[in-house]
Each structure stands twice: as C-alpha cells, then as structure tokens.
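Below you'll find the structure, written out as structure tokens, and then a few comments.
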Amino acid sequence: MEGVPSNYPKIGITNPNDVPYLTQLDQADGLIKSDPNAALFIFEEIITKSNRLSPRALYGKARCLDRLSEMNKSNNQLEQAIEAFLEVIALQSHVPDALLKLAAHRCVERLQFRGWNLKAVRVLQSLIKQFPNDLGFSNALGIQYLLVGKNAAAKEVFQTILNQSPENGVASVHLGFILKTTSKDPKDFEKAVQLMRAGIASGEEGTQDARFWYHLGEGLRRLGHEEEANTMYKLAVKKKVFRSFWQRSLYNVDHLRARPVWSKLETGQSENFKLLESNWKTIREEALSVLRDPQKGFEPEGENLKDKGDWGQFELYRQGRMISENCAKTPKTCALIQKIPAAFTNKRGQIKFSLMRPGTHVHAHTGPTNCRLRAHLGLQVPKNGLLRLRVADENLTWVEGQIIVFDDSFDHEVWHEADGDRIVLIVDIWHPDLDDQTKATLSPI
Ligand code: OGA
Ligand code: MN
C-alpha cells in the first residue's frame, strides 16, 4: 500500500483511507483499554476528517463505546457501539476482510448480549452472502438460530455446511446435538453419535463444550456402546469437561463437597426433614387427592429420559417460585415447604410429586447442576418386586415416611418392577456448602 512500510504490523487491517492517519490511529488503539474517552475523541476527529471513510477509525470508535458500555453497564452506550460496528460492516468492500471479520464477530456478540437476536441473524445472513466460503459465519448463523430456538433452521444451516465441508467440526457437533436432543428415531441417534464423535475429535474451537460430551456419552449408552461411553467419560474428566466420572452436571460451582449419597444429618436440614417425615401421611393424602382429581394434574415426564413405562410429575415449585395453581391443590404440603428456606428459595431446583407406575425404567441421566441436593420423601412404596434408584455405584430404595438424599448431578437411573404405583415427594435443597452471596449470583435452572 502506498505510503505504508511493508513491515507495518497492522497492514492486514489497514485500508488506503486510513493511511493519512496511521500515527493517530495507532496512538488511539493503544488508549482504548486504559482511557476509552481519550481514544474516542481521537477516533471521532479522524472520522470527520476522512468523511467517515476510515474503517479503522470507525472500528476504533465502536470498540471505545463497547468498552465504555461495559465499564458503565450502559445499554445506551452498548447500542451506540452496535451502531458503530454496523457502520464498519456497511462499508463492505472498503474494509479489509480481516477488519470486517473482527467487527462482525464482536457486533454479533454484542447483539446477542443486548438480546437483539433477529438483528444478529440478519447481520450474519448478509455476511454469508459476502463471504460464502467463510463457514465461520455460517456456523455462527446456525448457533444463532439455536439460541432463539429455531432448531429446524439451525439444522438446515449445519447440514448445508457439512454438504460443502464434511469435516467441519463445529457444524458436526451442533447437528449431532440437535438430532440427539430433538429426535426419538434410533436412526437419528446413530447419526447424532457419529457426528458428535467426529466433531469433538476434530478439536476445533467451539467443539469442546460439555454439552456435546454429555450427549455423546448418553447417545453411546443408549445405543449399547457402554464401553466407548466410559472411555469417553474418562477422557472428558482428564480434560476437565466433567468434574468426575460419575458427576457430569454442566452448571457447577467449585469446591462444593461432591458425593452421590448423603445422610440427612450431613445436609444441615435434619430438623426440616423431620418436619416433612412426621407429616408424611398428610402429604401423601394431598398427592392422592391430585391423582383422584378428574383433571389429574400429573404430567408425563417431558425430557425424553424414560425408556419404558409411565412416569409423571406434579410440580409445586420451580426455580424458587411457587406454582400457585398447583399449591392450591396441595396447600398443606406447600405450607410445610414454606417453612424450609433451603428448599423454597432454591432457584436451581424443583419441588414436585413423582408418580411412577410398575414397568418403568428411567435411563441413566445426570441433573444440570451441582448446586442442589435432592431429597425424596417416600409416600407410597410398593413392597413386592424390584424398585431401585442407582446413584453412581450405590443403590437406594424408598421407605414410606422416610427421606433419602442424593446428589442428582451424579449419574442415576431408576427401575420400577414392583407391584404398584410409587409416589414420592421430591424436594431440592441448596447445597449446604453454598453461601448466600454465591447463591445470589447464580442463574436460575
Ligand atoms: C430424580 C429422578 C426419578 C424418580 O429425582 O432426579 O430421576 O424416582 N427421580 O422419580
Ligand atoms: Mn433425575
């Protein structure tokens, strides 16, 4: 480029319209982090002098506003930053590709953060038109569709990428993930496993998310490849994807005691548990009244965890919020729960009745978080035949009027081949090692 020494380090992001201002641009770039206001002032000056044609000045302005929006937690500045990034993108052929990609990448991130997902879709679509061979933008569009729940659109995008480039790891893991989590067809499961296995093995950036490892392992096990699943889990522990071979939750806090089965005493809730146990018949009567109710109320488990049989739930609290219309049907149970802050404030947990009919098998699965412990109060427990809850490598069962406590972030599985319906009250409590300050920062699950 004329007037630019060939060893100029930022040559790849520099355009002829930037050249008259190189010294100021470099100086301002150096100030963005430490003094974004001063940098912004310099960039604005160059923008005016260059008739808004210096891409680096426009990009610099966007980064200053971006930085200021973070420092001031200001949506207004965030929106200005987004606008400035969009102005860089709009310069199209006047922007060096490398700079355009930087601006586009950050612009999409910021649009997502602002919740402007449809706009992010449109930006990505126009970038794909401009750079049809850059599959990074196509993958970003697929991920964007997933974020807004448009699974079919996401599927199509990832499939198109794989038609063009079958080795693309990011598209593989995502398409596999969609197939695994949305389809019940065993053929799709087979394909999902192949895709996730190949995608993870690619090692590409964006392929190592714990969700992919989790669903690959689960898919393998459901297809009967237990050994490969176990080998994979061990590797995932080595890579710090999972906390341990048995504990595979995805939303975790560090340094919490981790063991599959707990005694009531260890939870620090023994008084509260005694309260529930001593009222178990009242609680059972309310559960049975919901069952007798012609409108029923129990809903089938909806997470595709059941292998065979019949398993339903009646939810009383979700994410630390009472479900009033259900509590109206079981007022005494909810009044008891209202005496247990570790339960009713638990926004990473649930409180529900669980009804399981004979002949049910629940696939091995893992809860989402290590922030809770799960108490089961036995309400109606058939006595004849196999009725078993496996948590990691320990086996439990239920006794009427008694609470058992386990950590559902550990792999667990249920078999019910006994001779009658089984009903338990499931009460999630906060993990006793969590302090209030940490709890306050946690997102609900
Ligand atoms: C659980 C679970 C099955 C049951 O509580 O996490 O999987 O027995 N329970 O209701
Ligand atoms: Mn479970």
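The values are calculated or read from the model by the stated rules, or taken from the named source; none is laboratory data. Because the structure is a prediction, the values reported are computed rather than measured. Heads up, the Cβs are rebuilt from the backbone with ideal geometry, glycines too, and the neighbour counts pull from every protein chain shown. Keep in mind that these areas ignore ligands, DNA and RNA; they rest on the heavy atoms of the full protein, side chains included. Shrake-Rupley method; radii C 1.70, N 1.55, O 1.52, S 1.80 Å.
When the residues of segment 392-407 are narrowed to those that are touching a residue at least 60 places away in the same chain (Cβ under 8 Å) and part of a loop (DSSP other than H, G, I, E, B), which ends up nearest to the chain's Cα centre (by Cα)? Taking the candidates together, the pick is Asp407. Among the residues of segment 356-381 satisfying the criterion of being assigned to a strand (DSSP E or B) and open to solvent by 10 Å² or more (accessible area, probe 1.4 Å), which is farthest from ligand 2 (Cβ to nearest atom)? Restricting to residues being assigned to a strand (DSSP E or B) and open to solvent by 10 Å² or more (accessible area, probe 1.4 Å), the top hit is Gln380. With respect to the conditions (1) modelled with pLDDT under 95; (2) in contact with a Gly (Cβ under 9 Å, 6 or more places away or on another chain); (3) open to solvent by less than 30 Å² (accessible area, probe 1.4 Å), Phe43 lacks only one, and its number is (1). Taken over segment 304-323, the residue count meeting the criterion of being part of a loop (DSSP other than H, G, I, E, B) and more than 14 Å from ligand 1 (Cβ to nearest atom) is 3.
In segment 382-395, the condition of being in contact with a Leu (Cβ under 8 Å, 6 or more places away or on another chain), within 20 Å of Arg284 (Cα to Cα) and modelled with pLDDT of 95 or more is met by no residue. Of all residues in segment 404-426, those that are within 12 Å of Arg357 (Cβ to Cβ) and more than 10 Å from ligand 1 (Cβ to nearest atom) total 5.
Let's see how each residue does on (1) of a type in the set (Ser, Thr, Tyr); (2) in contact with a Cys (Cβ under 6 Å, 6 or more places away or on another chain); (3) surrounded by fewer than 18 Cβ atoms within 10 Å (Cβ to Cβ):
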residue: Ser74; (1), (2), (3): yes, no, yes
residue: Leu78; (1), (2), (3): no, no, no
residue: Ala81; (1), (2), (3): no, no, no
residue: Ala90; (1), (2), (3): no, no, yes
residue: Phe113; (1), (2), (3): no, no, yes
residue: Ala120; (1), (2), (3): no, no, no
residue: Gln125; (1), (2), (3): no, no, yes
residue: Asn133; (1), (2), (3): no, no, yes
residue: Ala140; (1), (2), (3): no, no, no
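For segment 411-425, a residue qualifies if it is assigned to a strand (DSSP E or B), of a type in the set (D, E, K, R) and more than 14 Å from ligand 2 (Cβ to nearest atom), and exactly one does: Arg422.
Every condition in (1) part of a loop (DSSP other than H, G, I, E, B); (2) within 14 Å of ligand 1 (Cβ to nearest atom); (3) out of contact with any Lys or Arg (no Cβ under 8 Å at 6 or more places or on another chain) is met by Lys296 except one, and the failing one is (2). On inspection, Asp428 passes the criterion of being assigned to a strand (DSSP E or B), within 16 Å of ligand 2 (Cβ to nearest atom) and surrounded by 15 or more Cβ atoms within 10 Å (Cβ to Cβ). Considering Ala201, Ala192, the condition of being in a helix (DSSP H, G or I) and surrounded by fewer than 22 Cβ atoms within 10 Å (Cβ to Cβ) is satisfied by Ala201 alone. Among residues of segment 331-355 being small (Gly, Ala, Ser) and away from ligand 2 (no atom under 16 Å from the Cβ), the one that is farthest from Gly224 (Cα to Cα) is Ala335.
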